[in-house]
Amino acid sequence: MSEPTAQVPTAGVAMTAIGVALIRVRESRRPDRLYDDPLAAAFVAAARPAFDADRWSRLEALADQFYEGRSLAVKVVDDSFAAAVAAGCGQIVLLGAGLDTRAFRLGLPPATVLFEVDLPELFEFKEPVLTANGARAECARRVAAADLRGDWARELAGQGFDPGIPTLWADEGVLGYLPRAAAHAVTATVTELSAPGSRFGIGRFRVEAAAPRYRELRELVSGDADAARPVHGLGPDAESWFAEHGWRTTFRPWNDLVAPYGRPGMGSVPGMGTVLAVRERPITR
């Protein structure tokens, strides 16, 4: 089923979620797939009529270029959910959830509460598609429509978030779109809201901003491939910041993470991988 094209995010950061859905569709069709996401095809079908042929072709081409690494990253985060639940995390918060469907496809325990945080315009597209396709979450799913540069914690609280429960915080790249100060403000809020035992998975990847695929991505998102970009993300001192604020960090290299999946990694890239931060200190008010 498809939804009215007026709701489809065809520009801006929210549009990148459609590209990731294209990647999940491709992975789901493989006989050796790492995961199966039937709802991804519903989002793609709903979005397609809002794009002209050229723009859609460019989006598909970009999804192909990012496919291998991004699809592996989806699986890495999938597995981090299971590990966090096993470790006692009763809540999960997806920062920049996009068109994520883990509440519907991972078999999470019914008592787990999964919060999705993203821009209002993203959910204006996502929720009608889910409804039209009869999607039913396997766990408790709650939507917090908010900009991470604003008071998103208030919206999260309004959806029932409990700071006394150990929580998994998941970021699949949204912090990399935020200016450095805003990204650090998000992590400070996460720290304030995290009970001991909470987890925060942070990807550490090398982005070659001048590479053709990243220039094309910027062109599709903002309309200007050569736009000057402020310094984004948490930066190279992220682990030190977490350690100073009551988190214990562990780094796992990318190739070690993906080795069990039997897919090619991305070569030897020093420093590329995932930082797992675990909250140790009690919350202070």
Starting from residues that are within 21 Å of Ser198 (Cα to Cα) and among the basic types (Lys, Arg), keep the ones in segment 123-151 and report whichever is surrounded by the most Cβ atoms within 10 Å (Cβ to Cβ). Arg141
Would you confirm whether any residue within segment 23-40 is closer than 28 Å to Phe161 by Cβ and among the hydrophobic types (A, V, I, L, M, F, W, C)? yes
Step by step: first the residues of segment 152-168, then only those that are loosely packed, with under 14 Cβ neighbours inside 10 Å and in contact with a strand residue (DSSP E or B) (Cβ under 8 Å, 6 or more places away or on another chain), then the one that is nearest to Glu280 (Cα to Cα). Which residue is that? Asp162
Among the numbered criteria (1) out of contact with any strand residue (DSSP E or B) (no Cβ under 8 Å at 6 or more places or on another chain); (2) under 19 Å from Ile18 (Cα atoms), which one does Asp100 miss? (1)
Which residues, counting only those in segment 13-52, are surrounded by 22 or more Cβ atoms within 10 Å (Cβ to Cβ) and part of a loop (DSSP other than H, G, I, E, B)? Asp37
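In segment 85-111, what residues are β-branched (Val, Ile, Thr) and either in contact with a helix residue (DSSP H, G or I) (Cβ under 6 Å, 6 or more places away or on another chain) or open to solvent by 10 Å² or more (accessible area, probe 1.4 Å) (or both)?
Restricting attention to segment 85-111, the residues satisfying the condition of being β-branched (Val, Ile, Thr) are 85, 92-93, 101.
Passing the criteria: Val85, Thr101.
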If Ala82 meets every condition in (1) closer than 24 Å to Ala145 by Cβ; (2) surrounded by fewer than 18 Cβ atoms within 10 Å (Cβ to Cβ); (3) of a type in the set (A, V, I, L, M, F, W, C) apart from one, which number is that one? (1)
Name the single residue, out of those in segment 33-61 being touching a residue at least 40 places away in the same chain (Cβ under 8 Å) and among the charged types (D, E, K, R), that is nearest to Leu99 (Cα to Cα). Asp37
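Could we say that Ala185 is modelled with pLDDT of 85 or more, aliphatic (A, V, I, L, M), over 26 Å from Ala63 (Cβ atoms) and surrounded by fewer than 14 Cβ atoms within 10 Å (Cβ to Cβ) here? First the steps, then the outcome.
Values: modelled with pLDDT of 85 or more: yes; aliphatic (A, V, I, L, M): yes; over 26 Å from Ala63 (Cβ atoms): yes; surrounded by fewer than 14 Cβ atoms within 10 Å (Cβ to Cβ): no.
No: the conditions fail for Ala185.
The values are calculated or read from the model by the stated rules, or taken from the named source; none is laboratory data. None of these values were measured; they are calculated from a predicted model. FYI the Cβ positions are ideal-geometry reconstructions off the backbone, even for glycines, and counts take in every protein chain you see. Each accessible area value is taken on the protein alone, full model and side chains, heavy atoms only, with ligands, DNA and RNA left out. Shrake-Rupley method; radii C 1.70, N 1.55, O 1.52, S 1.80 Å.
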